[in-house]
Amino acid sequence: MGNKISVDSKPVFGILAGLISSSSLLVIWLFYERIGRATRLDSLKETNYNIAQLNSAIDSLRKEIEDLKETKSLKADLGSEIDEDSKSKKSFKVVRFKKSLSYLSSTSDADYQSAWSDCEGPTEEFFDFPENDALAEQIKNNSSTKEAIDLFDKVDSLLEGSSDDYKIAFGLLKDHESEFGCNVEYLWRVAKSCRMSAQASCDIEKQKELSFKAVDWARRALAADESNAEANKWFAISLGATSCYCSVSEKIRNGVLFKQHIDKAIEINPSDYLLHHLLGRFSFEVSSLSWIERKVATALFRDIPSGSVQEALSKFMLSEKLRAEPWKTNSLYIAKCFIHLGEYAQAMHWINRALPIPVVTPEDRLSQDELVVLSAKYNS
């Protein structure tokens, strides 16, 4: 019999079974380990996401708390300011119209609140106003503006009156020089009152003094605002009034300046009847220059201003059209133009039209005297 090796099958199968069982367990363990890792990773991601959401919520809550604190502080400050205002005997009501401020007297907090509640734009703009000192300065300036308007209205009314009224107007203006001495509206009115007072005075030396003072005040008005029509007008008028005290060369030089400033005033305010009358006077006077005056003018200026009776007449007619009421002086100059043109019937028409016009100003009185002379001469 051949040699045979006998092998017990139980131990072999046990080992194989053990190997198979161990491998299966390892695979199973690895499978579940991977599942566990994936689960923990998903859980970690979800946790991180939840933490991010929580942080965002905390940040929002923190911001809301800070906003609430600021709002509370703002309300407390505003309440404090209102309480302080209510302690004063008199407060100021702030009223805004189209982003401008005006200050009106108020005696109650209700008025104070209701005043700015009607303002245009968001109410937060209320807190952008200047501090108390600056606000007080604005109120002071507003009061000064009202005082200036009241003063100018009174002066304008007086300058429409008698020669005594002119002096009162000049005195009123001089009393406020320290307050409004740099204001163009104040300065040209002083020049006007000087000029009209000079015209009303019977003292020749006083006339001369006031005439040159008027020029000085009008020059200051131009320095304050050279684009102001009234400043240009009263500088020209005042300068023209000094011509009788000047040499021929000064008179002609002043005449050129007169024309320049009247032209500028008309450019700014073309509907002013007095400006057109003054241009007519200039053209009329240039047309009447003597031979020596024309020679001096030519020597002083390359191009001297032109002027003719026809041109003067057209300016006077335009002035007559622009003015609402009849004007004795303008009618007188229209008559003068027709006399120079040899149209005496037309001249007498305007003389007869001017004579009944009431005499109100010193200029009216001078014009009336001349009209009477012309009427006696040409009414035949």
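Among the GluC sites (Glu not before Pro) in segment 197-274, those placed in a DSSP loop whose Cβ has at most 15 other Cβ atoms within 10 Å are Glu226. With Cα atoms as the point set, the radius of gyration and Dmax of segment 245-380 evaluate to 15.7, 45 Å. Can you tell me how segment 306-379 classifies by the Cα gyration tensor, rounded, prolate or oblate, using a/c under 1.5 as the rounded cut? Taking the square roots of the gyration eigenvalues as a ≥ b ≥ c, segment 306-379 is oblate.
Figure note: Thr298, Thr329 ranked by solvent-accessible area, largest first, 1.4 Å probe, ligands and nucleic acids not counted: Thr298, Thr329.
Please say if segment 166-277 is rounded, prolate or oblate, where rounded means a/c under 1.5 for a ≥ b ≥ c the square roots of the C-alpha gyration tensor eigenvalues, and otherwise the choice is prolate for a/b larger than b/c and oblate otherwise? Note, shape of segment 166-277 comes out oblate. Accessible-area rank, largest first, for Ser193, Ser287: Ser287, Ser193, with all protein chains present and a 1.4 angstrom probe.
Centroid-to-centroid, using Cα positions, segment 216-253 and segment 153-198 are 17 Å apart. Measuring against 32 Å, Cα to Cα, the residue pairs Lys206/Lys264; Lys154/Lys259; Lys167/Lys295 contain Lys167/Lys295 as the ones spanning a longer distance. For segment 262-369, trypsin sites (Lys or Arg not before Pro) meeting the loop criterion (DSSP other than H, G, I, E, B) and having at most 16 other Cβ atoms within 10 Å: Arg302, Arg323. For Leu355, no residue 5 or more places off, or on another chain, has a built amide H under 5 Å of its own. The 3J(HN,Hα) values that the Karplus relation (6.51, -1.76, 1.60; θ = phi - 60°) gives for segment 218-227 are, in residue order, 5, 5, 5, 5, 5, 5, 6, 6, 6, 9 Hz. Gly and Pro appear as x.
The values are calculated or read from the model by the stated rules, or taken from the named source; none is laboratory data. Treat the numbers as computed from the prediction; the structure is a model and nothing was measured. Cβ sites come from the backbone with ideal geometry, for glycine too, and all protein chains shown count toward neighbours. Areas reflect the complete protein model, heavy atoms only, side chains present, ligands, DNA and RNA absent. Shrake-Rupley method; radii C 1.70, N 1.55, O 1.52, S 1.80 Å.
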